[in-house]
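Every number in this text was worked out from the coordinates using simple rules, so none of it is lab data. Predicted model, so just to flag it, every value in this text is computed and none were measured. Every residue, glycine among them, receives a Cβ derived from its backbone with ideal geometry; neighbour counts consider all protein chains shown.
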Amino acid sequence: MKHALTFSSLLLALLLSACGDATPPSTATAPAQTDSIPAANPPAPGWSRYQNSQFGYQIDYPSELAAQPETPEGRSFASADQSTQLAISAKTVAQPVIADLAKARRAELEKEGLSVGEAHEGNSWFMTTGKLGEQQLFEQSFLRDGALTTVRLSYPVAQAAVWQPRIGDILKTIIPGSSKPAQ
């Protein structure tokens, strides 16, 4: 368990150092406000891309996860046996204060039974990891233009060696959403 937490901390530190303040991409790298998000780079081999037209976010995910039915807020992806779940969604937030949003979300997760392992936040993001029964959970939210985009990955603790390295790969592909309507 200590190695998993150390790995998670190292992964987070690497991602944060690569992103500076870990703020969502600037307008220089973010997609233009259009009806569809232009894909600057195609997904890596063995990966697929999901783009949400309502909030304008996108994520790449490993192809062994199958897309589930879409909702207006987002989509989930699951392994064949449903033991691994990746979900991305967005919602408009009225009072976007990261510290308050992070605290409220951690409280919700703890109420669900999550044993929090780590929780961190920056100016425009927050993340929480922990165990929920025999599942490992990673959740990170990004605030951009009044929209909170949340990515959640849960997988069996026994598969940590497979999924922990992929968290960073998934996070590198996220373009957070916006509550501003497409032009």
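Some points to look at:
- Here ALA99 and GLN54 are evaluated by their C-beta separation; at R0 = 30 Å the FRET efficiency comes out at 0.65.
- Label-point gap, in nm, between GLU110 and ALA158 - each point 7 angstrom along Cα→Cβ: 3.1
- Amide H contacts under 5 Å for THR84, placed H, 5+ residues apart: SER79
- Cut-off 14 Å between beta-carbons: net charge of the residues surrounding SER179, Lys and Arg +1, Asp and Glu -1: +1
- Neighbourhood charge, 11 Å Cβ-Cβ cut-off, centred on VAL97 and excluding it, Lys, Arg +1 and Asp, Glu -1: -1
- The range 82-183, dipole about Cα centre (Lys/Arg Cβ +1, Asp/Glu Cβ -1), debye to the nearest 20: 200
- Placing unit charges on each Cβ (+1 for Lys and Arg, -1 for Asp and Glu) gives the range 88-138 a dipole about its Cα centre, and among GLY130, ALA90, LEU114 the Cα reaching farthest toward its positive end belongs to ALA90.
- The Kirkwood hydrodynamic radius of the range 36-158, based on inverse pair distances between different Cα atoms, is 15.3 Å.
- Net lengthening on full extension, ALA119/ASP81 (0.36 nm per residue, minus Cα-Cα): 10.8 nm
- Charge sum, other residues only, whose C-beta stays under 14 Å from GLN159's C-beta, Lys/Arg counted +1 and Asp/Glu -1: -1
- Cα-based Rg and Dmax for the range 118-177, where Dmax is the largest Cα-Cα distance (Å): 12.2, 38
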